[in-house]
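J.: This structure is in structure tokens; I'll ask about it shortly.
The values are calculated or read from the model by the stated rules, or taken from the named source; none is laboratory data. From a predicted model like this one, the values you see are computed outputs, not experimental measurements. Please note: Cβ atoms are built from the backbone with ideal geometry, for glycine as well, and neighbour counts cover all protein chains shown. Keep in mind that these areas ignore ligands, DNA and RNA; they rest on the heavy atoms of the full protein, side chains included. Shrake-Rupley method; radii C 1.70, N 1.55, O 1.52, S 1.80 Å.
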Amino acid sequence: MSQYIQSVRGMNDILPGEAEFWELFEETVRSWLKSYGYRPIRLPVVEPTPLFTRAIGEVTDIVEKEMYSFVDSLNGEPLTLRPEGTAGCVRAVIQHNLIAQQPQRLYYMGQMFRHERPQKGRYRQFHQVGVESLGFSGPDIDAEQILMGARLWDDLGLQGIKLQLNTLGQPGERARHRGDLIAYFAAGADALDEDAKRRLHSNPLRILDSKNPAMQDLIAGAPKLIDYLGETSLAHFGGVQQVLRDAGLPYEINPRLVRGLDYYNLTVFEWVTDRLGAQGTVCAGGRYDGLVQQLGGKPAPACGFAMGVERLVALVRDAGGEPAASGIDVYLVHQGEAASRLAPRVAEGLRDRGIDVLFHCGGGGFKSQMKKADASGATFAVIIGDDEAKAGEVTLKYLRGGGRQGMQDGTQKRVGVDKIADEILMDWEEA
Ligand code: ATP
Ligand code: MG
């Protein structure tokens, strides 16, 4: 039995047909980022493992069970395929001293790796577009990053992606809230279920998420983080919301939107759709003012977000978006010795003028070549036989849709070799 090697589970090939949608997506994303002044940064896919344990935190799903970590067999260095991009980006910013002179707006796109259970919208190799601003502390940049999202969904022709917003305050404010929360639930311990009792000291915030009907009254009366926020935190949150209101961008405040680690603070947001089933979050972000210092840099404020490309491309396809210019302009048919010597020069001449040419390779008769020309989806066939070659001409055949007014599909005419590009371009201009 012959056996071929398959791709790793959860790591997908993106084939022609699908890949055009990815390219369209990437082009849209690049020009969108440029319109906000964000600059590209390209980062390694492999980083030292301690970067992620320090940046993401030991007690997170990612670090506990999702990382592809290995030891470099040549020098024993612990390495990890990046599970996300922020850690590497902040490392690079520190390593190259990028924010010593001025703040930075940066972006990157590429593969991320997490050992999760593969399912629709969740893969082991997936792609993110990451956007990070470093060195800005005010709510204006948080708001900018949120407004950016709204514009991108629009640029991509997507509807129904909703904004959820929350504030985490500062670590000290969270600690006081947490203390009171534990005391509050401890005082009502009789009403707690087993799960809640277990979480009381390790992760009391999770109790707020419980669906147990018997606990809902207790949960409703629990202390709320927003009541622990000082003036500065409240002003920041208010500042973000002011910009969103001024822009007419609707949002929902979701107090359950949280991040586990201490260097996350203030703004958190997610963009969510109900069109992807369970994996509905297409973009998540917020402020992480503590991370630069956590990774050994001089303290600097920062905020950013990451989008899941697989999920967004799926939405673009569902919305019926079509990759622009997926077709080819000319299929070049040629047969005979003189014709086949002329043909490559004709093809290059057309490309010189910006016309896309699919050059027939592999020989065969006119009939079979014309079949391929038809199947290629090209607008025109340019046909060269020895007849044409001798006369210094080619035959231009209108295969579909692109011809001048009055020209039926299937019409053909002879054109001088040096006139063929003009002829095709003139048709475009008149169409
Ligand atoms: P979840 O709770 O769904 O696991 P997360 O908090 O792990 O999400 P982030 O680390 O915030 O996700 O990543 C940002 C975005 O990247 C997500 O909102 C999602 O769109 C996308 N994403 C994350 N993990 C995967 C994955 N395994 N496959 C495909 N896309 C993913
Ligand atoms: Mg996850």
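J.: For the Cα atoms of the chain, what angle does the longest principal axis make with the long axis of helix 86-95, in degrees from 0 to 90, nearest 10?
T.: Approximately 90 degrees, to the nearest ten.
J.: How far is the Cα center of the stretch 216-282 from the Cα center of the stretch 74-151, in Å?
T.: Cα centres, the stretch 216-282 to the stretch 74-151: 21 Å.
J.: Give me the percent of accessible area attributable to carbon and sulfur for the chain, probe 1.4 angstrom.
T.: On the chain, the fraction of accessible area on carbon and sulfur atoms equals 50 percent.
J.: If each residue of separation counts as 0.36 nm, what is the full-extension length gain between K224 and N12 once their alpha-carbon separation is subtracted?
T.: 72.0 nm
J.: Express the C-alpha Rg of the stretch 118-257 as a ratio against the empirical globular expectation 2.2 N^0.38 Å, rounded to two decimals.
T.: Working it through for the stretch 118-257, the quotient is 1.29.
J.: Identify all lysines with a Cα-Cα distance to K197 below 19 Å; exclude those on the same chain that are fewer than 8 residues away in sequence.
T.: Leaving aside lysines fewer than 8 places away in the same chain, those within reach of K197 are K211.
J.: Taking just the alpha carbons, could you work out the radius of gyration and Dmax for the stretch 219-318, both in angstroms?
T.: In Å, with Rg to one decimal and Dmax whole: 16.0, 45.
J.: Checking the table K390/K419; K162/K224; K372/K397; K367/K413; K371/K397; K65/K162 against a 22 Å threshold on Cα-Cα, which pairs fail?
T.: K162/K224; K65/K162
J.: With a probe of 1.4 Å, find how much accessible area the chain has per residue, and write the answer as a whole number in Å².
T.: 52 Å²
J.: In Å and whole numbers, how far do the C-alpha atoms of the chain stretch along each principal axis, longest first?
T.: 97, 58, 51
J.: Helix-derived [θ] at 222 nm for the chain: sum -39500 (n - 2.57) over DSSP H runs of at least 4, divide by residue count, nearest 500?
T.: -11000 deg cm²/dmol
J.: State the volume of the convex hull built on the alpha-carbon positions of the stretch 313-421, expressed per residue in Å³ and rounded to an integer.
T.: Dividing the Cα hull volume of the stretch 313-421 by its residues yields 125 Å³.
J.: Considering the Cα positions of the stretch 255-305, please state its Rg to one decimal place and its Dmax as a whole number of Å.
T.: 13.3, 42
J.: Per residue, what volume in Å³ does the convex hull of the Cα atoms of the stretch 83-154 enclose?
T.: Dividing the Cα hull volume of the stretch 83-154 by its residue count gives 109 Å³.
J.: A further question on this structure: Per residue Cα convex hull volume for the stretch 1-40, in cubic angstrom?
T.: Residue-normalised Cα hull volume stands at 101 Å³.
J.: Something else now. Net charge near V272: determine it from the other residues with C-beta under 11 Å of the C-beta of V272, scoring Lys and Arg +1 and Asp and Glu -1.
T.: Local charge sum for V272: 0.
J.: I would also like to ask the following. I'd like the GluC sites (Glu not before Pro) in the stretch 1-93 restricted to DSSP loop residues with at most 14 other Cβ atoms within 10 Å, sorted by number.
T.: E18, E58
J.: Compactness ratio of the stretch 15-87: Cα Rg over 2.2 N^0.38 Å, N = residue count?
T.: This ratio for the stretch 15-87 stands at 1.47.
J.: Identify which of G121, G416, G239 has the largest mean-square fluctuation in a Gaussian network model of the chain, with springs joining Cα atoms closer than 10 Å.
T.: G416
J.: What order do R124, R256 take when sorted by accessible area (1.4 Å probe), most exposed first?
T.: Order by accessible area, largest first: R256, R124.
J.: Between beta-carbons, use under 13 Å as the cut-off and find the net charge around E116, counting Lys and Arg +1, Asp and Glu -1.
T.: Result for the local shell: +2.
J.: Add +1 for every Lys or Arg and -1 for every Asp or Glu among the other residues with Cβ under 12 Å from the Cβ of E58, and state the total.
T.: Residues near E58 contribute 0 overall.
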